[in-house]
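Step one of this worksheet: look at the structure below.
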Amino acid sequence: MQPIICAEHLGKTYRSGKIEVPALRDVTFSVEPGQFVSIVGPSGSGKSTLFYLLGGLTRATSGKIVIDGVDFASLNDAERTKMRKSKIGFIFQKFNLLPTLSAGANIEIAYEISGQSGPLDKAYLNHLVEILGISGRLDHRPSELSGGEQQRVAIARALITRPSIVLADEPTGNLDTYNSDAVLEMLQRSNREFKQTVLMITHNPEAATIADRILHMRDGGITGIEEGKGAIAAHSW
Ligand code: ADP
């Protein structure tokens, strides 16, 4: 089977003036379609840099990234943006919701700006918000929602376009245990039920174990790969 994500000898060096900060060095790995992969490592190990590169949000200094058979380097900025919008759903630690829009509008606008052909599938939207436990909160603005509810809205926004890849950067970083477990379960559901490939960056070793595979990072490189449990206890909202 062709990997859905392939990183080959990936390197990224940040430059500010004369100072160079090597954030990623010679990172090579691949992810099969439908896998759930966690990426763990201490602060400063290069996890977020890898996240931005895989999401096409920044360019590598060296090496290449192939997503679903397409080399990012072969795309111009417009093509890269199109690919990102059509194939990748992003979930961030800071929920990044639009503050002046209701939760429901935040989800719908994500669909509209993604450039999908065809109208929003309302039945799918209803299913998503139902399983996320936010169907009664859609008229509320983000400031009227708890952190856990905001992250669930952000997950609905990421999944509404039915992306084949879900990239989550510390998705439980701002949440209590109850909401963290719920977010992890939802990511696992997106992987199992919606057959999405999930990459989750976390510095929480326990959260990482729900994945099929765990990549360990340190000093900008991958230092080890281990099997995850691939399981999480059932959660009720
Ligand atoms: P992590 O997500 O594991 O905490 P990062 O990818 O954020 O790691 O950072 C890796 C290294 O790159 C760190 O040394 C960090 O200080 C540096 N770094 C990250 N972003 C920038 C930037 N925009 N400019 C300069 N250095 C950066």
Quick one: in region 15-26, which of the residues that are without any contact (Cβ under 8 Å) to a residue 24 or more places away in the chain and not in a loop (DSSP other than H, G, I, E, B) is nearest to the ligand (Cβ to nearest atom)? 21
Inside region 116-133, the number of residues satisfying the requirement of being closer than 19 Å to residue 186 by Cβ and either without any contact (Cβ under 8 Å) to a residue 24 or more places away in the chain or touching a Pro at 6+ places or on another chain (Cβ under 6 Å) (or both) is 5
Within the set of pairs 6 or more residues apart or between chains, which connect a residue that is under 18 Å from residue 64 (Cβ atoms) inside region 27-40 to a residue that is buried (at least 19 other Cβ atoms within 10 Å of the Cβ) and among the small types (Gly, Ala, Ser) with Cβ atoms less than 7 Å apart? 27/7; 28/7; 29/7
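Rundown of residues vs (1) surrounded by 21 or more Cβ atoms within 10 Å (Cβ to Cβ); (2) charged (D, E, K, R); (3) in contact with a Leu (Cβ under 7 Å, 6 or more places away or on another chain), yes/no style:
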| residue | (1), (2), (3) |
| --- | --- |
| 130 | no, yes, no |
| 134 | yes, no, no |
| 142 | no, no, yes |
| 147 | no, no, yes |
| 151 | yes, no, yes |
| 154 | yes, no, yes |
| 185 | no, yes, no |
| 198 | yes, no, yes |
Name the helices (runs of 4 or more DSSP H) wholly inside region 141-237 in which the number of residues that are under 26 Å from residue 125 (Cα atoms) and within 17 Å of the chain's Cα centre (by Cα) is 3 or more. 147-159, 177-192
Given the conditions (1) within 13 Å of the ligand (Cβ to nearest atom); (2) in a strand (DSSP E or B); (3) surrounded by 15 or more Cβ atoms within 10 Å (Cβ to Cβ), report the number of the one that residue 7 does not fulfil. (1)
Here the residues within region 12-47 that are over 17 Å from residue 165 (Cβ atoms) and either in contact with a Pro (Cβ under 9 Å, 6 or more places away or on another chain) or of a type in the set (Gly, Ala, Ser) (or both) are 12, 13, 14, 16, 17, 23, 40, 41, 43, 44, 45, 46
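No value in this document is a laboratory result; all are computed from the given coordinates. Here the structure is a predicted model, which means the values were calculated and not measured. Heads up, the Cβs are rebuilt from the backbone with ideal geometry, glycines too, and the neighbour counts pull from every protein chain shown.
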